[in-house]
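The values are calculated or read from the model by the stated rules, or taken from the named source; none is laboratory data. Note that this is a predicted model, so its numbers are computed, not measured. When we count neighbours, we look across all protein chains shown, and the Cβ atoms used for this are built from the backbone with ideal geometry, even at glycine.
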Amino acid sequence: MLSLAERTGDLRRYAYRLLRRLKASHRQSEVDTAELRRQRAIALRPVVRGLCGVVGSYYIVIFISHFFYEKGMDLPIMAGLGGVTAITCLSFFRWTRGAESVQRLEIATLIVSLLMYANVVVSQYLHFVPAKLIYFVLMTLVFATSAVSLRVVVPTSLLATGTMFVMAHHAGFPVLKQHIWVGVGGIVTALGMAGIMRSTIFRAVHARLVAEKHRHEAQILAHYDALTGLPNRRSFFTELDVALVGAKNGYAFDLALIDLDGFKPVNDLYGHSIGDALLIEVGKRLRAVVGSRGVVARLGGDEFALILNGQMPDDDLRRFGEDLCDTLRQTYVLGGGVCANISGSVGFVHSDPGAQWSASQMLERADYALYYAKQNLRGAPIIFDRRHENEMQDFGAVDQTLRSSDLESELYIVFQPQIDLKAQRTVSFEALARWQSEKLGPVRPDIFIRAAERSGLISDITLILLRKALVAVRDWPRDMRVSFNLSARDLRSLPAIARICDTVKASGVDPKRIEFEITETAMLSDFDQALEALALLKGMGSRIALDDFGSGYSSFGYIHRLPVDKIKIDRSFVTQLLRHDSTVKIVKTLIDLCGNLSLDHVIEGVETAAELCRLEEIGARYIQGYYFSQPMRAEAITAYLDAESWREGLKKAG
């Protein structure tokens, strides 16, 4: 999993990419042109409908008034024109309801403007009154404030003003002189008002669309992962809450957590661009496997989650998980010709309406299954079951007890010897942690160490155990070393490593007598950070051993980059020695490779004389296991060294 610093770096890169896209969109077109025109029409629609409604109502009154003031043939002409104008305006008022087309609004305003113009022209033609020429100026102002576009404003305003000049000219030069400046001022004012009003409205529409676009992008960022396009952690928990409500109503589902194995080395080796490309490809593969069966989300870093609709039987779910893991295991061909190989561990949990789990409780169980997979079956699926539930409950009790216990008095160390077959003597002891809890009694190391790692107490426990081990070492022969295990959390924390160095220096024990053991998993969880931590330990003079080699990634390709002095070959090989000749060849190859790299080796877990004989035949030198001795308390070591009781074991093996 990625560290908090890397996740923060992810967010910075996401923000940078979004900013770059926003700038690019600003340079091209911040909003869609068609949408902009539609929104402009929607903004101007109330103005046009207001014009149609007001003018239609006005001409209803005018239509009625003509029956009181007009005589002869003037009555049908003026009443008919007024009636047509009123009906047309009210029809357009209805026609433009819901209009989202600028063209429709332009047609309505143009026809209404021309009908208004026609009424004034006919009225002046039948009953010319010089004072009423000002109506044309007033019309230009109406056209300017109500027309949709300048394509309507300009021709109608010019038509009205031109007609006023013609009529004024026929009335004589004094009338023309009186109206010419009024007309010019009116049309300038009309066009100026039209430009200002429309630019103001259009700018407001544009700004609103830009704001909506940015708000939409913010919502996408809030609910979707910017790198892969998958739903993000927030969206995932929303979906999970919905699924849990459905589960209470009989709609069961399965939840899966996925963590990539080997992503960190690829990201460190090739850089973040390749790491990002790899995560994108992982997202695509997960979507392809899941399809329409559920939701795929990226929780952050190299963690993904699935919500699968409908609850599958265990066998079907296991097969689905195996297919998923096989898909993730296939080679990734990335940019620049880079080929990467990673795998994924998966933890599944069935929804359980009877348990009334919350989202966090269900996620905790999926996370436990994932943790179990990574510790025992890396690159494979694990389904959370009743056994895991019991373990988790025990784990919770251990975690709480750890927090409230006097660890300084309850923790202690036992030591298991490491034998040099060539020199036929003990050369080192491995310090093994033990906890005799006042509340729980003896607690298995794998349980309380794991609980301490998850709770963050492991660094404090490391210092307590290291101090106890160093106290014991002071009484040993000066050529006798001690091997001490460090956790992944210790390696990821430079302050923790600094405290370890200070503890060693304060003990008075020569640092060269101390061998710190690290696991492959701990190294690869944050390779660069681990290298820096190991450099501090090596700089102090201590030795470094790589523990459980063969149980994890097991690659000599990265060992040359580590300041390692010793390889500890995992017991899983020893258990197969007498069953498979291929295992013998593998162990011999590992021993030979250690020799070629000038590294010591220790073979763990030797329990029988037959295993020891086979290892001697293939050149094994350093051995550790119950065949020679079980782990012992510090006070028993002096007697053990005096007796060197393992010699009898060698005779029996011979």
Selection within segment 91-101 - surrounded by fewer than 18 Cβ atoms within 10 Å (Cβ to Cβ) and in a helix (DSSP H, G or I)
SER91, ARG94, TRP95
Among the residues of segment 68-90, which ones are surrounded by fewer than 17 Cβ atoms within 10 Å (Cβ to Cβ) and more than 27 Å from GLY50 (Cα to Cα)?
PHE68, TYR69, LYS71, GLY72, MET73, ASP74, LEU75, PRO76
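Residue-by-condition table, conditions (1) of a type outside the set (Phe, Trp, Tyr); (2) in contact with an Asp or Glu (Cβ under 6 Å, 6 or more places away or on another chain):
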site: ALA207; (1), (2): yes, no
site: VAL210; (1), (2): yes, yes
site: HIS214; (1), (2): yes, no
site: ALA222; (1), (2): yes, no
site: ALA226; (1), (2): yes, no
site: LEU230; (1), (2): yes, no
site: PHE236; (1), (2): no, no
site: ASP241; (1), (2): yes, no
site: ASN249; (1), (2): yes, no
Between a residue in segment 148-169 that is in the same structural domain as GLY183 (by TED's automatic domain parsing) and farther than 12 Å from GLY183 by Cβ and any residue that is crowded, with 16+ Cβ neighbours inside 10 Å and charged (D, E, K, R), which pairs come within a Cβ distance under 8 Å, given they are 6 or more apart or on different chains?
VAL148/GLU106; SER149/GLU106; SER149/ARG198; LEU150/ARG198; ARG151/GLU106; VAL152/GLU106
Any residue at all in segment 273-290 that is in the same structural domain as MET362 (by TED's automatic domain parsing), closer than 19 Å to THR331 by Cβ and among the polar types (S, T, N, Q)?
yes
Quick one: is LYS439 farther than 25 Å from GLY605 by Cα, over 40 Å from the mean Cα position of the chain (by Cα) and not in a helix (DSSP H, G or I)?
yes
Are there any helices (runs of 4 or more DSSP H) wholly within segment 353-428 with 2 or more residues that are assigned by TED's automatic domain parsing to the domain that holds PHE237 and in contact with a strand residue (DSSP E or B) (Cβ under 7 Å, 6 or more places away or on another chain), and if so which?
359-376
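Results for (1) of a type in the set (Phe, Trp, Tyr); (2) under 24 Å from ALA288 (Cα atoms); (3) at pLDDT below 75, shown as yes or no for each residue.
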| position | (1), (2), (3) |
| --- | --- |
| ARG208 | no, no, no |
| GLU212 | no, no, no |
| GLU217 | no, no, yes |
| LEU227 | no, yes, no |
| LEU230 | no, yes, no |
| ARG233 | no, yes, no |
| THR238 | no, yes, no |
| LEU244 | no, no, no |
| ASN249 | no, no, no |
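Restricting segment 596-636 to residues that are within 20 Å of ARG543 (Cβ to Cβ) and out of contact with any strand residue (DSSP E or B) (no Cβ under 6 Å at 6 or more places or on another chain), which is surrounded by the most Cβ atoms within 10 Å (Cβ to Cβ)?
At the first step, the residues of segment 596-636 found to be within 20 Å of ARG543 (Cβ to Cβ) are 596-604, 620-624.
Subset that is out of contact with any strand residue (DSSP E or B) (no Cβ under 6 Å at 6 or more places or on another chain): 596-598, 621.
On the way: ASN596: 9, LEU597: 12, SER598: 7, ARG621: 19.
Looking at the filtered set, the residue picked out is ARG621.
Out of all the residues in segment 235-249, which are charged (D, E, K, R) and out of contact with any strand residue (DSSP E or B) (no Cβ under 8 Å at 6 or more places or on another chain)?
Of all residues in segment 235-249, those charged (D, E, K, R) come to 239, 241, 248.
Hits for segment 235-249 are ASP241, LYS248.
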Working carefully through the options GLY336, GLY344, find the one that is more than 22 Å from ILE447 (Cα to Cα), surrounded by 22 or more Cβ atoms within 10 Å (Cβ to Cβ) and either hydrophobic (A, V, I, L, M, F, W, C) or touching a residue at least 24 places away in the same chain (Cβ under 8 Å) (or both).
GLY344
Quick count over segment 234-258, residues being surrounded by fewer than 22 Cβ atoms within 10 Å (Cβ to Cβ) and either small (Gly, Ala, Ser) or more than 12 Å from MET362 (Cα to Cα) (or both), is 13
Do we have SER483 as in a strand (DSSP E or B) and of a type in the set (Gly, Ala, Ser) here?
yes
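Yes or no: TRP476 part of a loop (DSSP other than H, G, I, E, B) and hydrophobic (A, V, I, L, M, F, W, C)?
Working: part of a loop (DSSP other than H, G, I, E, B): yes; hydrophobic (A, V, I, L, M, F, W, C): yes.
Yes; evaluated as a whole, the condition is true for this residue.
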So which residues in segment 269-288 are surrounded by fewer than 16 Cβ atoms within 10 Å (Cβ to Cβ) and touching a helix residue (DSSP H, G or I) at 6+ places or on another chain (Cβ under 9 Å), if there are any at all?
LEU269, HIS272, SER273, ALA288
Answer yes or no: is there a residue in segment 444-453 that is closer than 26 Å to ILE567 by Cβ, surrounded by 20 or more Cβ atoms within 10 Å (Cβ to Cβ) and more than 30 Å from the chain's Cα centre (by Cα).
no
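GLY192 - would you say it is at pLDDT below 85, closer than 30 Å to GLY354 by Cβ and among the small types (Gly, Ala, Ser)?
Details: at pLDDT below 85: yes; closer than 30 Å to GLY354 by Cβ: no; among the small types (Gly, Ala, Ser): yes.
When the stated conditions are applied, GLY192 does not pass them.
Looking only at segment 115-155, count how many residues are assigned to a loop (DSSP other than H, G, I, E, B) and either surrounded by fewer than 19 Cβ atoms within 10 Å (Cβ to Cβ) or aromatic (Phe, Trp, Tyr) (or both).
Initial filter on segment 115-155 (assigned to a loop (DSSP other than H, G, I, E, B)): 127-129, 147-149.
Narrowing further to those that are either surrounded by fewer than 19 Cβ atoms within 10 Å (Cβ to Cβ) or aromatic (Phe, Trp, Tyr) (or both): 127-129, 149.
Of the residues in that region, 4 qualify.
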Contacts under 8 angstrom Cβ, first residue in segment 102-129 being touching a residue at least 24 places away in the same chain (Cβ under 8 Å), partner among the acidic types (Asp, Glu) and in a helix (DSSP H, G or I), 6 or more apart:
LEU126/ASP74; HIS127/ASP74
Listed by range, helices (runs of 4 or more DSSP H) wholly within segment 487-558 having at least 1 residues that are among the hydrophobic types (A, V, I, L, M, F, W, C) and at pLDDT 85 or above are 488-492, 494-507, 527-540
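Can you list the helices (runs of 4 or more DSSP H) found entirely within segment 218-313 that contain at least 2 residues being acidic (Asp, Glu)?
On the way: elements: 233-248, 263-270, 272-290.
Where helices (runs of 4 or more DSSP H) fall fully within segment 218-313 and carry at least 2 residues being acidic (Asp, Glu), they are 233-248, 272-290.
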Report the residue count in segment 347-358 for those that are modelled with pLDDT under 85 and either surrounded by 18 or more Cβ atoms within 10 Å (Cβ to Cβ) or closer than 30 Å to ILE280 by Cβ (or both).
1
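Okay, residues lined up against (1) under 14 Å from TYR412 (Cβ atoms); (2) in contact with a strand residue (DSSP E or B) (Cβ under 8 Å, 6 or more places away or on another chain); (3) in contact (Cβ under 8 Å) with a residue 60 or more places away in the chain:
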{"position": "GLY456", "(1), (2), (3)": "no, no, no"}
{"position": "SER459", "(1), (2), (3)": "no, no, no"}
{"position": "THR462", "(1), (2), (3)": "no, no, no"}
{"position": "ALA469", "(1), (2), (3)": "yes, yes, no"}
{"position": "ASP475", "(1), (2), (3)": "no, no, yes"}
{"position": "ARG478", "(1), (2), (3)": "no, no, no"}
{"position": "LEU486", "(1), (2), (3)": "no, yes, no"}
{"position": "ILE497", "(1), (2), (3)": "no, no, no"}
